[in-house]
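Q: One structure, pasted below without further comment.
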Amino acid sequence: MARAKRARWNDLTLRAASVTAAAATLLATAASAQVPLSAAPADAHAPASLTASLNLAWVLVGGFLVMFMQVGFAMLETGFTRSKNAVNTMAMNMVIYPICIIGFWLTGYALMMGGVAQWPSLGTTGITSHELTLNLGGHAFGLIGTRKFGLLSVSHDPASLAMFLFAVVFMDTAATIPTGAMAERWKFSAFFLYGLFMSMFLYPLYGNWVWGGGWLAQMGVNFALGHGHVDFAGSSVVHMTGGVTALAGAMVLGPRIGKFRRDGAIGALPGHNLPMAMIGTLILAFGWFGFNAGSTLAASDPRIGLIAANTMLASAAGALAALLYLWHRYGKPDGAMACNGLLGGLVAITAPCAFVTPQAAVVIGTTAGLLVVGAVLKLERRFRIDDPVGAIAVHGVCGAWGALALGLFADGSYGEGWNGVSGPVRGLLFGDASQFVAQLIGVAVNLIVVFGLALTFFVIVERTIGNRVPAEVEWTGLDALEMGSDAYPNV
Amino acid sequence: MARAKRARWNDLTLRAASVTAAAATLLATAASAQVPLSAAPADAHAPASLTASLNLAWVLVGGFLVMFMQVGFAMLETGFTRSKNAVNTMAMNMVIYPICIIGFWLTGYALMMGGVAQWPSLGTTGITSHELTLNLGGHAFGLIGTRKFGLLSVSHDPASLAMFLFAVVFMDTAATIPTGAMAERWKFSAFFLYGLFMSMFLYPLYGNWVWGGGWLAQMGVNFALGHGHVDFAGSSVVHMTGGVTALAGAMVLGPRIGKFRRDGAIGALPGHNLPMAMIGTLILAFGWFGFNAGSTLAASDPRIGLIAANTMLASAAGALAALLYLWHRYGKPDGAMACNGLLGGLVAITAPCAFVTPQAAVVIGTTAGLLVVGAVLKLERRFRIDDPVGAIAVHGVCGAWGALALGLFADGSYGEGWNGVSGPVRGLLFGDASQFVAQLIGVAVNLIVVFGLALTFFVIVERTIGNRVPAEVEWTGLDALEMGSDAYPNV
Amino acid sequence: MARAKRARWNDLTLRAASVTAAAATLLATAASAQVPLSAAPADAHAPASLTASLNLAWVLVGGFLVMFMQVGFAMLETGFTRSKNAVNTMAMNMVIYPICIIGFWLTGYALMMGGVAQWPSLGTTGITSHELTLNLGGHAFGLIGTRKFGLLSVSHDPASLAMFLFAVVFMDTAATIPTGAMAERWKFSAFFLYGLFMSMFLYPLYGNWVWGGGWLAQMGVNFALGHGHVDFAGSSVVHMTGGVTALAGAMVLGPRIGKFRRDGAIGALPGHNLPMAMIGTLILAFGWFGFNAGSTLAASDPRIGLIAANTMLASAAGALAALLYLWHRYGKPDGAMACNGLLGGLVAITAPCAFVTPQAAVVIGTTAGLLVVGAVLKLERRFRIDDPVGAIAVHGVCGAWGALALGLFADGSYGEGWNGVSGPVRGLLFGDASQFVAQLIGVAVNLIVVFGLALTFFVIVERTIGNRVPAEVEWTGLDALEMGSDAYPNV
């Protein structure tokens, strides 16, 4: 994902005649890798450059791994909910995947990536693209893509199709996050509508602004704010978007019956299968390597070694921080919170993974692990928001932290030419305070726009078909009355 | 798999002095990539061309992903059966894998692929091969391979060994399908015999005819029926073979006690762990990317981008079609049927995935999703065949549909020189009705020959050691009496 | 991993001016692939050679697959233990992963790999390295690495960071093995300390001796014992180390309450979820392809085809040998033992996988399958050691067998220049008895040193904080009293 805007902006810089050496290399690669699908026999070996082939395989394998994260989310969320709602929780995780694919195919990919002309690392060039752009005070503000609906204009371009797959699984990750926070009380028809809203419009919108060449990416060129909002693999674009939407949804839905009692006590409502949730966590950690290392869109970029190691280190630091803090505080090692700490570390390292040292990755992960614990407790006790799996804390809070962490720890060893701005990406601690401002703006915009639009959507649904199942369905369980099948009929 | 016959036929066309430009490229690659294992130091870096190395890695990673589908099948089938038979169902899925490996190693690989001399994309050439061929009226009809038993003649050729692994996991997929349809009543010894029969003989036979250079692949050259029977990744070779064998087995075994009652009522006999089955489905969708995209046998073929995207789109369309149809008809979203719809879409796109547009993939998947629902209901209500997991509908019916769909929707953008026939592969809707006929013949031959041989096998077993456990074993559960261990002893 | 010492020793042989042709090729590759990270723009495409990029991707994907084995271990061990200890068993598997990452980051990687200067296949050169070496009688004995603590000196080298990740997951495999043998009675704090000891010191020590350029690898150069101790992917380094440590731990801990009764009877104490254990086994078989084929550290080495096929064949032979033997002996097919047989085959082929024919792989796997059955029964009945999951038999016994099997069956077709000794690796049956002696010494050293150090560690813990939970905790279950949360609260 991360190179999307770079691709676009190299294109722009070309036109602006300010080509950097790096960009020249990129374009040269792209030119020699052109794949004239209609002219040459389509299945001849090695029509593209071998570099493009290696990178295409890398993007696909990365995409497969991210798709597999859906299994992790399904197990995590189902394990953390009650057995009477297990089919419902699992089914939301199973069904969100096809909804996202079809919704993203119809409009999402076009809105998000319709303004990106080429994927240089994948050997594609010459795709027709267009971005709806607002020109204001001499600056161009990309708002939304307008080409590639239904993949019609790119239906034989391997790179665009691979990128479609890669983009789908990232959006699927964002879209599945609210199914955790809103579990055990969400009407399936309302959930289905939400899936279409998220995949066809909400995610693509913010995604376009950061990865599709939109205005948040352009803040560097337009206003000298670092390289604009930079998010390597999705702390803000994917996780914060999911977490913030989950927050809006959980607020509109309200807490589960029995969660917050009249006397002020908080019900535990423990999930029915903690081992399942822990397996889900490990599966997520596995798939995350595709998430982060795949986001170079190029195995020919040796940075993949650093990215994968950073991803691993931050996850470990997050898990140990959460585990040791709670162990110290309450006297028992809390396995479930270690899971959330590990995931928090992963979410936080997602934006900065390519830009920071392994040592910084440990710091970022440790902070995320502690943040998760604090946020889970605060959301429940202070704000009385009921999030059965901790999705808002893990994805929303740590997503924001990850985007900001890039603005602090990026060490200037990577990101030459990113978003059309020359020089590498540097954070506040390495001399570029404006990059931190760009990160802060991206986070604030996510919180305002994504939250606002999500809230609007949920309120409209509330006033029409309703978001929540009736109380008797919730009491009996959504499996029996909403889905019509039990999870464990004859154990 | 898909390139097997292409490899062979490029070889033949060479001898026939009708080399196409594409074939020349292939052979040139192969020649420069020759690996003289005995002469040069075996572990020097880059003895093969880098393209061959990339492709070898691609085939292996694809094979690993397909192997992982065994986990998906195991969870799907075990989740859909009762807890008293959970160890038995799981053990069949666990044990079929080693049986298939050893059976295929002994004879299966030789019978199926013993006539294939080279794997051009993998840099192998000069392997001694032989196919038993019937010459009739001036035409050659390949019947079965006769070399490479026990891998003896290729025990140091990396490409042949990688292809062995890749072929094993495909055959394992076919072999595991009947364990679902025949679950909860199959004697373990009879199952074991079946595993040997399937891996050593039945699967390799039809596999040879389509992928090993046999007569179904030769129908294009011999009778101008398109490019002969074309099956990119196994709708007919793998899935229909498995589904048709499952049909024969389920018919011989008969329904489970309590399924079809004297008064005509149909017992539900629900599985014991629906979340497990749904996780299994998602795992299958993950592994399927290896199944389809891996079947190029070449990451240097950029078509992998289109294949992977088509695979994803068809699965989504199948899932949503099944879900929405049943939701509309019965008022509840049926998670289990959404799983079967998703799998039906995957099965159906498997043959045509490389030859059709993303838009056609959605049509193929949607049709498959509706077909699955219809076939499940029809098989149970009309034909009174008891298939606990819906394997016959998913793999048999959608497998046939997939093979035919290629004959309809192949758009002429891929497949130059396939099976030795010049020009790309085109379906009925793109001007080549003869391709549809070739697809129809392949499907009919599968239905007749595979069903006939499987039925014969099951009847012979029935009259000797018997296929079915005694009624008291079925009542008590196969775990306690057939396997000697409970699935959940002390929950 | 396997090339680590080769890298080092090619370096040494260079200095000794005895460069073989193979080594020259390796070094030439390395030179042309130099990545001057500080000078050139860090994210330009293709700064390294494409071969190095392909290999880097191969190592990472292999590492991801091995990391995923943690899910397999978690499910296997948790399934084989009782539900009252499910959270504890699962949590040990979940938490050992972050402990290992942080421990290995702090000191482990430095001690094990701090003496390795380069990764030629990954395009790295010029890393500062140092090994603490004892010079005795004109021979150099490498003892332990002394550079790269906290990854500080390699924090921007992609190859070193990828190798860190790859090394972490191998050590994690070793470290997780004792959590199975010591399950259901181990205090969590003692387990935590063990995790640090294993990742920071014990595993790296033996690992350095075999893979880091240490004295066991040098036995070929120093004493003409074949190529020194050779272990391609870790039968001795990973599995035997884990199994031997598990043995020491299980001995110090003692058996679970109820295992060995006063009257001499042996309690079965069956696990609570056999299907979960069987799924875990299949997941391990999946991840193992990364373990073995990834250990070339190079997709450009076509041997990966043979390695993957051998891995598959040995696993199948092990599973069928164990299954058929017990089926024949006790009249029932034992699914759990088939799992252990499959794993035993995998453990045994891990050292020799690159050096033997597919036919030999079947022999090695078959032997391992029978060995596992014998060892499980012997350990329990004769030595009265309580190992809930059979980890000592699977990893310890078959690990030793695998290392020895290399010394028997290596056929001289691979391993030119391994550990600085010219000529390929040959076992006893192919003319080099001294290689078998080197294997025997490596196994003996593992048994003596690893067992001795592990025992010392466990005894010290025993005398300070104690290893074992109080009897009432064991009776009630570790989940309720040690972890503070139930696995299945409201099923």
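The values are calculated or read from the model by the stated rules, or taken from the named source; none is laboratory data. Please read these numbers as outputs of a predicted model, since none were measured by experiment. Glycine also receives a Cβ, built like all others from the backbone with ideal geometry; neighbour counts cover every protein chain displayed.
Q: Go through (1) more than 30 Å from B:Arg381 (Cβ to Cβ); (2) within 10 Å of chain A (Cβ to nearest Cβ); (3) hydrophobic (A, V, I, L, M, F, W, C) for B:Trp288 and report which single condition fails.
A: Going through (1) more than 30 Å from B:Arg381 (Cβ to Cβ); (2) within 10 Å of chain A (Cβ to nearest Cβ); (3) hydrophobic (A, V, I, L, M, F, W, C) one by one, B:Trp288 breaks only (1).
Q: Further question on the same structure: Quick one: count up the residues across the range A:381-391 that are buried (at least 17 other Cβ atoms within 10 Å of the Cβ), more than 14 Å from chain C (Cβ to nearest Cβ) and touching a Lys or Arg at 6+ places or on another chain (Cβ under 9 Å). Write out each step before concluding.
A: Kept after step one, since they are buried (at least 17 other Cβ atoms within 10 Å of the Cβ), are these residues of the range A:381-391: A:385-391.
If we keep only those that are more than 14 Å from chain C (Cβ to nearest Cβ) as well, we get A:385-387, A:389-391.
Going one step further and asking which of them are touching a Lys or Arg at 6+ places or on another chain (Cβ under 9 Å), we end up with A:386.
Final tally of qualifying residues: 1.
Q: Hey, does the range B:326-340 have a residue that's of a type in the set (Phe, Trp, Tyr) and touching a Leu at 6+ places or on another chain (Cβ under 7 Å)?
A: First pass over the range B:326-340, keeping only residues of a type in the set (Phe, Trp, Tyr): B:327, B:330.
Next cut, touching a Leu at 6+ places or on another chain (Cβ under 7 Å) only: none.
Checked against the condition, which is being of a type in the set (Phe, Trp, Tyr) and touching a Leu at 6+ places or on another chain (Cβ under 7 Å), the range B:326-340 yields no hits at all.
Q: Right, here's the next one. Has the range C:370-380 got any residue that is in contact (Cβ under 8 Å) with a residue 12 or more places away in the chain, within 10 Å of chain B (Cβ to nearest Cβ) and either surrounded by fewer than 24 Cβ atoms within 10 Å (Cβ to Cβ) or in a helix (DSSP H, G or I) (or both)?
A: No.
Q: What pairs can you find where one residue is in the range B:92-121 and of a type in the set (Gly, Ala, Ser) and buried (at least 24 other Cβ atoms within 10 Å of the Cβ), the other is at pLDDT 95 or above and in a helix (DSSP H, G or I), and their Cβ atoms are less than 6 Å apart, with a gap of 6+ or different chains?
A: B:Gly103/B:Leu196; B:Gly103/B:Ser199; B:Gly103/B:Met200; B:Gly108/B:Ser199; B:Gly108/B:Met200; B:Gly108/B:Pro204; B:Ala110/B:Phe149; B:Ser121/B:Asn55
Q: Okay, moving on. For the subset of the range A:349-369 comprising residues that are part of a helix (DSSP H, G or I) and over 14 Å from A:Leu320 (Cβ atoms), which member is farthest from the other protein chains (Cβ to nearest Cβ)?
A: From the range A:349-369, those part of a helix (DSSP H, G or I) are A:349-350, A:358-369; that's our starting set.
With the extra rule that they be over 14 Å from A:Leu320 (Cβ atoms), the set shrinks to A:349-350, A:358-360.
On the way: A:Ile349: 13, A:Thr350: 16, A:Pro358: 5, A:Gln359: 7, A:Ala360: 9 Å.
Only one residue tops the list, namely A:Thr350.
Q: So, one more: If I filter the range B:67-81 for residues that are assigned to a helix (DSSP H, G or I), out of contact with any Leu (no Cβ under 8 Å at 6 or more places or on another chain) and small (Gly, Ala, Ser), do I get at least one hit?
A: no
Q: Sticking with this one: Take the range A:271-285 and flag every residue that is assigned to a helix (DSSP H, G or I) and either under 21 Å from the mean Cα position of the chain (by Cα) or at the interface with chain C (Cβ under 7 Å from one of its Cβ atoms) (or both).
A: Those that are assigned to a helix (DSSP H, G or I) and either under 21 Å from the mean Cα position of the chain (by Cα) or at the interface with chain C (Cβ under 7 Å from one of its Cβ atoms) (or both): A:Leu274, A:Pro275, A:Ala277, A:Met278, A:Ile279, A:Gly280, A:Thr281, A:Leu282, A:Ile283, A:Leu284, A:Ala285.
Q: Go through the range C:291-341 and give me each residue that's facing another protein chain (nearest Cβ under 8 Å), more than 24 Å from B:Phe166 (Cβ to Cβ) and of a type in the set (Ser, Thr, Tyr).
A: Of everything in the range C:291-341, just one residue is facing another protein chain (nearest Cβ under 8 Å), more than 24 Å from B:Phe166 (Cβ to Cβ) and of a type in the set (Ser, Thr, Tyr), namely C:Tyr330.
Q: Going by what's in this entry, would C:Leu54 be described as part of a helix (DSSP H, G or I), closer than 25 Å to C:Leu282 by Cα and facing another protein chain (nearest Cβ under 10 Å)?
A: Numbers: part of a helix (DSSP H, G or I): yes; closer than 25 Å to C:Leu282 by Cα: no; facing another protein chain (nearest Cβ under 10 Å): yes.
So C:Leu54 fails the test.
Q: Select from the range B:387-409 the residues that are outside any helix (DSSP H, G or I) and on the phi < 0 side of the Ramachandran plot and list them in ascending order. Please lay out each step first, then the result.
A: Step one: list which residues in the range B:387-409 are outside any helix (DSSP H, G or I), which gives B:387-390.
B:Asp387, B:Pro388, B:Val389 - these are the residues of the range B:387-409 that are outside any helix (DSSP H, G or I) and on the phi < 0 side of the Ramachandran plot.
Q: Sort out which residues of the range A:149-175 are more than 8 Å from chain B (Cβ to nearest Cβ), closer than 20 Å to A:Leu205 by Cα and in contact with a Ser or Thr (Cβ under 7 Å, 6 or more places away or on another chain), and write them in order of number.
A: Correct list: A:Phe149, A:Met171, A:Ala174, A:Ala175.
Q: May I pose another question? Does B:Leu151 qualify as being farther than 21 Å from C:Asp411 by Cβ and at pLDDT 95 or above?
A: Working: farther than 21 Å from C:Asp411 by Cβ: no; at pLDDT 95 or above: yes.
No, not satisfied.
Q: Limited to the range B:184-222, what total is found for residues that are modelled with pLDDT under 95 and of a type in the set (Asp, Glu)? Quick ask: steps written out before the conclusion?
A: Of all residues in the range B:184-222, those modelled with pLDDT under 95 come to B:213.
Checking which are of a type in the set (Asp, Glu) leaves us with none.
Qualifying residue count, the range B:184-222: 0.
Q: Would you mind listing the helices (runs of 4 or more DSSP H) fully within the range B:139-253 where at least 3 residues are hydroxyl-bearing (Ser, Thr, Tyr)? Full working, then the answer.
A: Details: elements: B:158-181, B:188-197, B:203-211, B:219-223, B:241-253.
So the answer is B:158-181.
Q: Inside the range A:214-264, can you point out the residues that are buried (at least 19 other Cβ atoms within 10 Å of the Cβ), in contact with a strand residue (DSSP E or B) (Cβ under 6 Å, 6 or more places away or on another chain) and either under 28 Å from A:Ile465 (Cα atoms) or among the polar types (S, T, N, Q) (or both)?
A: A:Gln218, A:Leu253, listed by residue number.
Q: Something else: From (1) more than 7 Å from chain B (Cβ to nearest Cβ); (2) within 16 Å of the chain's Cα centre (by Cα), pick out the condition that doesn't hold for C:Ala268.
A: If we test C:Ala268 against (1) more than 7 Å from chain B (Cβ to nearest Cβ); (2) within 16 Å of the chain's Cα centre (by Cα), just (2) comes out false.
Q: I would also like to ask the following. Across the range A:341-366, what is the total count of residues that are surrounded by fewer than 24 Cβ atoms within 10 Å (Cβ to Cβ) and free of Cβ contacts under 8 Å to residues at least 40 places away in the same chain?
A: Number of matching residues: 1.
Matching residues to (1) within 28 Å of A:Ala298 (Cβ to Cβ); (2) within 14 Å of chain B (Cβ to nearest Cβ):
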site	(1), (2)
A:Val95	no, yes
A:Cys100	yes, yes
A:Phe104	yes, yes
A:Gly108	yes, yes
A:Gly123	yes, yes
A:Gly126	yes, no
A:Leu132	no, no
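Q: If you don't mind, another one. Only one residue in A:Val87, A:Val116 is of a type outside the set (Phe, Trp, Tyr) and under 21 Å from B:Ala285 (Cβ atoms). Which one?
A: Values: A:Val116 fails: under 21 Å from B:Ala285 (Cβ atoms).
Matching residue, one of A:Val87, A:Val116: A:Val87.
Q: Being surrounded by fewer than 18 Cβ atoms within 10 Å (Cβ to Cβ) and either farther than 30 Å from B:Leu225 by Cα or within 14 Å of chain C (Cβ to nearest Cβ) (or both) narrows it down to one of B:Ala433, B:Ala471, so name that one. Before you say what the answer is, go through the steps one by one.
A: Values: B:Ala433 fails: either farther than 30 Å from B:Leu225 by Cα or within 14 Å of chain C (Cβ to nearest Cβ) (or both).
From the options B:Ala433, B:Ala471, the qualifying one is B:Ala471.
Q: Return the only residue of A:Ala217, A:Ala246 being more than 25 Å from A:Thr89 (Cα to Cα), in contact (Cβ under 8 Å) with a residue 24 or more places away in the chain and touching a helix residue (DSSP H, G or I) at 6+ places or on another chain (Cβ under 7 Å). Before you say what the answer is, go through the steps one by one.
A: On the way: A:Ala246 fails: more than 25 Å from A:Thr89 (Cα to Cα).
One residue alone meets the criteria, A:Ala217.
Q: Would it be correct to say that A:Phe201 is within 22 Å of the chain's Cα centre (by Cα) and surrounded by fewer than 24 Cβ atoms within 10 Å (Cβ to Cβ)?
A: On the way: within 22 Å of the chain's Cα centre (by Cα): yes; surrounded by fewer than 24 Cβ atoms within 10 Å (Cβ to Cβ): yes.
Answer is yes for this residue.
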